[in-house]
Amino acid sequence: MPDSTKGVTNKVPETTRTGKVLALSLGSALSMISSIALGMISSRYLSKHDYATIQQTFLAYNFAVPILMLGLPNAVYYFLPREQQCKRGVLIDNIALLLVAGLLFSLFIGFGGHKLLAMRFNNPDLLHTLPWLVLYPLLLMPVAGVSAVLVSADQTKTLAVYNMISSLVLTLSGIIAVLATKSYAAPIIVRVIVPALFLPIALFLMFKAVPGKIRWPKWLDMQAMVRYSVPLGLASIFGRITLQMDSMIVSSMCSPEDFAVYYNGAMELPLIGIITGSITTVIFAEMAKLCARGDKVAALQLFHKASIKSASILFPTMCFLLVTATPFITVLYSEQYQASVVPFVIYLFVLPIRIVVYGAALMALGMTRVVLFRSIIDLAINAILCFFLVKKLGYIGAAISLILTLYLWTTPYNLYEISKGFGIKWSASLPFKALFKILFISLLCMPLAAIGVYAFPVISFARLILATILYLPIVGYLLYRNNFLSLPPRLARMIPRL
């Protein structure tokens, strides 16, 4: 079948879209670095039990967030552009609904939920830490839509600056708390206090970005927002629970020390969120507009372009880290977490199928029920596999269950439904030829990284640096020569002379 995406001109200038992606990626990258830095310090200066206590304290909230939010922040993308009379009314309705949702979690913790979770996670220290989260959702939930509001108002740079500053403050205060006390209590308290400082700033940015009068929340408008959000919210609930299910089961069936080892290894690299999240945030609105106009050819072209741009970063990252996993984990979390290498390597195989957010394409096509159905089956398959594999193999089984779910069900079903929505063959749902070429280039350069890791008996950090120097410039050059990577004009002009 001929490539249906050729010869189509996008309405949005590429430079504008690239600038937005870069701005969001920069803010997300700093958040990632901050999170890793805090994890590195905590892993070195806290016992495994104390480190696990911090992660388990917030695991309950992170698990509940998609259930509480019900997709409400994403509703801003739909309602804000359509409101003509009082745009701030949409913002007020959204904040009110999120505040009520946060209050539900506070009530759960306040009326005995902390005892239930402490018992389930086999950690009595949670009886002391979980009550501190009573105020936490009331500080975070009302401004959960700040990204949607600022992106809709075309203020991505403001959002990037806000994300960078808030991440830096949270990380530095957390590091200081760990170093000063070497206990779990202060870092948890700091993580609750910092959002209180940024709550008024986020509210100010949101209301400044949206014109209109201040009014009281309207019950009918909030009902309409909830009705719109329910299918997407339920899909988000099942999707997030699927990703958190392994941590919940390991926390329930293994010791806190084993959970700490698993948690540090079985991480879906924040790079995934930075790349696919930033690209999706920018192109989702464009795809929705193109599909609404019936221009599915241009929408598919945009989807293909996003997958190639993401793969050009994620594929080399996976291949590089497969070779350097041991020094990478050792540098991050010290020798005592060397056992985290195994779940880390397993989780690296998530990268190839995360090059796009399939749900964004399905939502742009108006296939929200498909997203919901897929998410329900995702959760069921992963929960069953995870329980039995953890029981049989220990915490390693949790990582294996997620990979099996994604490869055997989630991705094939996504591509099948996307191809139906665009009216094309399954083989045309992604630019497979280009993607396999990117993967081949990444695999071809792996021996260079291996030389850096295994050829010289030096410390882990030096091996990691050497592998990076040998691998990344070569793979980057090959991807650039094959037109998969775009470089700034100044750098591109230098390459022929190298």
*Where in the range 404-423 is the amide nitrogen less than 16 Å from a point lying 7 Å along the Cα-to-Cβ axis of Phe432?*
407-409, 411-420
*Full extension from Arg490 to Leu179: what is 0.36 nm times the residue separation minus their Cα-Cα distance, to one decimal in nm?*
107.7 nm
_Protection proxy ranking, peptides 453-466, 388-401, 320-333, 351-364, average beta carbon neighbours within 10 Å, highest first_ = 351-364, 320-333, 388-401, 453-466
*Evaluated over the range 352-447, the Cα radius of gyration and Dmax, each in Å*: 15.9, 45
*When only DSSP loop residues count, what trypsin sites (Lys or Arg not before Pro) in the range 94-158 have their Cβ near at most 14 other Cβ atoms within 10 Å?*
none
*Based on the alpha-carbon gyration tensor of the range 9-217 and its eigenvalue square roots a ≥ b ≥ c, which shape applies: rounded if a/c is under 1.5, prolate if not and a/b is larger than b/c, or oblate?*
oblate
_Between Ala224 and Leu439, what is the label-point separation in nm under the 7 Å Cα-to-beta-carbon projection?_
4.6
*What's the percent breakdown of Cα-Cα distances in the range 412-471 across 5 Å bins, shortest bin first?*
4, 18, 16, 11, 9, 9, 8, 10, 9, 5, 2, 0
*Residues listed by number, the range 173-191, amide nitrogen under 12 Å from Ser334 label point at 7 Å toward C-beta*: 179, 182-183
_Name the residue from Ala455, Leu379, Ala361 whose Cα lies farthest towards the positive end of the charge dipole of the range 255-498, charges +1 on Cβ of Lys and Arg and -1 on Cβ of Asp and Glu._
Ala361
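All of the numbers you see were taken from the coordinates with simple rules; none came from a lab. It should be emphasised that the depicted structure is a prediction, and the values quoted were computed from it without experimental measurement. Neighbour counts run over all protein chains shown; Cβ positions are idealised from the backbone, glycine included.
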